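K.L.:
Handing you a structure now.
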Amino acid sequence: LRKACDNGELLLYYQPRIRLSDRRTTGVEALLRWQHPSRGLLTPADFMPVAIESGLIRTIDQWVLKAACGQNKAWQDQGLPSIRVSVNISQSLFHYHGFVDLVRQTLADSGLPAGYLELELTETIAMANVDTSIRKLSELTAIGIQLSIDDFGTGYSSLSYLQRLSLNMVKIDQSFVGEIETNEGCAFITKAIISMAHSLNLFVLAEGVETREQLDVLLGLGCERFQGSLFSPPLLPDRADEI
Ligand code: C2E
Ligand code: MG
Ligand code: MG
């Protein structure tokens, strides 16, 4: 993995997010891949554990942040419609003391306006050292960055703290979406997340939407933003015209 970083074997795919009310792509999520010389294209499940264990994750996530901001600026410079890029942030990078400055510097270096960057954290990351999280998230919001909670419903959240974090959106985990038609519990949880998000004035996005039937249930529950193979798989950046 260390060699992969040095040899430029890491790359990003981008998966569109759709707002169905006006059928617009509002943004893309940057998703990390490793083009392994002998094993082919690897997904994070194949190498994240080793990245975390070795401590390389922080370096990798810094590269992802830089690459995603640079790519989005390049799309803007090509005259493509401006969209937001979202980047998954690991525990290690978020809790690094210089994180906010690093984000600020990365934006400045790339020339991307802050409003076109979103950061995704899990509940577990945001709730660890919650007072520090509250401070960091409000600093990031002050810069103009959007913030979302990823995989919502699978970790641990304190609702009173959730309200104090400067968030824009919660993303409903795909494990709930995947069973939304067959498992009554998943449908109830999804319904509760959507209504909680709306009450807290947060956007809500459903991840991993694969079928028309899942979409119909989600629409019925009041969800308007989606990401998943029903709309588009993650794409290489040169296919941005399809986004
Ligand atoms: P995530 O952030 O929740 O990303 C969504 C995952 O769902 C992605 O998996 C995406 O490819 C997959 N997905 C998209 N549409 C569908 C669908 O319709 N059905 C199903 N079953 N899955 C779908 P991926 O790319 O393998 O990434 C897995 C996880 O790895 C991500 O989950 C995220 O937690 C982590 N990850 C990805 N890129 C990065 C990164 O740059 N840095 C860090 N720290 N973590 C990353
Ligand atoms: Mg994510
Ligand atoms: Mg997720």
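K.L.:
Which strands (runs of 3 or more DSSP E) sit wholly inside region 31-145 and have at least 2 residues that are within 9 Å of ligand 1 (Cβ to nearest atom)?
P.N.:
Because the criterion is at least 2 residues that are within 9 Å of ligand 1 (Cβ to nearest atom), the strands (runs of 3 or more DSSP E) in region 31-145 that meet it are 84-88, 117-122.
K.L.:
Take the residues in region 53-82 that are β-branched (Val, Ile, Thr) and within 16 Å of ligand 2 (Cβ to nearest atom), then tell me which one is farthest from Ala108 (Cα to Cα).
P.N.:
Restricting to residues being β-branched (Val, Ile, Thr) and within 16 Å of ligand 2 (Cβ to nearest atom), the top hit is Ile57.
K.L.:
Test Asp238 against the criterion of being surrounded by 14 or more Cβ atoms within 10 Å (Cβ to Cβ) and not hydroxyl-bearing (Ser, Thr, Tyr), and give yes or no.
P.N.:
Here the answer is no, as Asp238 does not meet what is asked.
K.L.:
Mind listing whichever residues of region 146-177 are part of a helix (DSSP H, G or I), over 14 Å from Val204 (Cβ atoms) and more than 16 Å from ligand 1 (Cβ to nearest atom)?
P.N.:
Residues satisfying the conditions are Leu159, Ser160, Tyr161, Gln163, Arg164.
K.L.:
Go through region 1-37 and count every residue that is surrounded by 17 or more Cβ atoms within 10 Å (Cβ to Cβ), within 21 Å of the chain's Cα centre (by Cα) and of a type outside the set (Ser, Thr, Tyr).
P.N.:
Here the count works out to 14.
K.L.:
Okay, moving on. What are the pairs, 6+ residues apart or on separate chains, where a residue within region 204-224 that is in contact (Cβ under 8 Å) with a residue 24 or more places away in the chain has its Cβ under 6 Å from a residue that is among the charged types (D, E, K, R) and within 16 Å of ligand 2 (Cβ to nearest atom)?
P.N.:
Within 6 Å, the pairs are Leu205/Lys171; Leu205/Arg225; Glu207/Lys171.
K.L.:
Ser148 versus (1) under 20 Å from Val85 (Cβ atoms); (2) surrounded by fewer than 15 Cβ atoms within 10 Å (Cβ to Cβ); (3) hydroxyl-bearing (Ser, Thr, Tyr): which is the lone unmet condition?
P.N.:
Ser148 satisfies every listed condition except (2).
K.L.:
I'd like the full set of residues that are aliphatic (A, V, I, L, M), buried (at least 16 other Cβ atoms within 10 Å of the Cβ) and more than 16 Å from ligand 2 (Cβ to nearest atom), limited to region 100-128.
P.N.:
Val100, Leu102, Val103, Leu107, Leu112, Ala114, Met127
K.L.:
Follow-up. Out of region 97-111, which residues are more than 19 Å from Glu123 (Cβ to Cβ) and not charged (D, E, K, R)?
P.N.:
Kept after step one, since they are more than 19 Å from Glu123 (Cβ to Cβ), are these residues of region 97-111: 97-98, 100-111.
Once the filter is applied, which keeps residues that are more than 19 Å from Glu123 (Cβ to Cβ) and not charged (D, E, K, R), region 97-111 yields His97, Gly98, Val100, Leu102, Val103, Gln105, Thr106, Leu107, Ala108, Ser110, Gly111.
K.L.:
Given the condition away from ligand 2 (no atom under 16 Å from the Cβ) and closer than 21 Å to Cys69 by Cβ, answer yes or no: does some residue in region 223-235 qualify? Before you say what the answer is, go through the steps one by one.
P.N.:
From region 223-235, those away from ligand 2 (no atom under 16 Å from the Cβ) are 223-224, 230; that's our starting set.
Checking the rest, the ones that are also closer than 21 Å to Cys69 by Cβ come to none.
So far as region 223-235 goes, no, none of its residues is away from ligand 2 (no atom under 16 Å from the Cβ) and closer than 21 Å to Cys69 by Cβ.
K.L.:
The conditions are (1) aromatic (Phe, Trp, Tyr); (2) within 16 Å of ligand 3 (Cβ to nearest atom); (3) surrounded by fewer than 18 Cβ atoms within 10 Å (Cβ to Cβ), and Phe176 fails exactly one of them. Which is it?
P.N.:
Tallying (1) aromatic (Phe, Trp, Tyr); (2) within 16 Å of ligand 3 (Cβ to nearest atom); (3) surrounded by fewer than 18 Cβ atoms within 10 Å (Cβ to Cβ), Phe176 fails exactly one: (3).
K.L.:
Which number in (1) closer than 30 Å to Ile180 by Cα; (2) modelled with pLDDT of 95 or more; (3) small (Gly, Ala, Ser) marks the one condition that Ala142 misses?
P.N.:
(1)
K.L.:
Identify, please: which residue in region 198-221 is assigned to a loop (DSSP other than H, G, I, E, B) and within 16 Å of ligand 3 (Cβ to nearest atom) and is, among those, surrounded by the fewest Cβ atoms within 10 Å (Cβ to Cβ)?
P.N.:
To start, the set of residues in region 198-221 that are assigned to a loop (DSSP other than H, G, I, E, B) comprises 200-202, 207-211, 221.
Among the residues that remain, those that are also within 16 Å of ligand 3 (Cβ to nearest atom) are: 202, 207-210.
Details: Leu202: 20, Glu207: 22, Gly208: 18, Val209: 24, Glu210: 14.
So, considering only residues that are assigned to a loop (DSSP other than H, G, I, E, B) and within 16 Å of ligand 3 (Cβ to nearest atom), the one surrounded by the fewest Cβ atoms within 10 Å (Cβ to Cβ) is Glu210.
K.L.:
Can you give me the number of residues within region 39-53 that are hydrophobic (A, V, I, L, M, F, W, C), under 16 Å from Ser92 (Cα atoms) and free of Cβ contacts under 8 Å to residues at least 24 places away in the same chain?
P.N.:
Selection size over region 39-53: 1.
K.L.:
Which condition does Asp173 not pass, out of (1) of a type in the set (D, E, K, R); (2) closer than 28 Å to Leu11 by Cα; (3) in contact with a Leu (Cβ under 7 Å, 6 or more places away or on another chain), if it passes all the others?
P.N.:
It fails just one condition, (3).
The values are calculated or read from the model by the stated rules, or taken from the named source; none is laboratory data. Just so it is clear, the structure is predicted and the values come from calculations on it, not from any experiment. Positions of Cβ are generated from backbone atoms using ideal geometry, with glycine treated the same way; all protein chains shown enter the neighbour counts.
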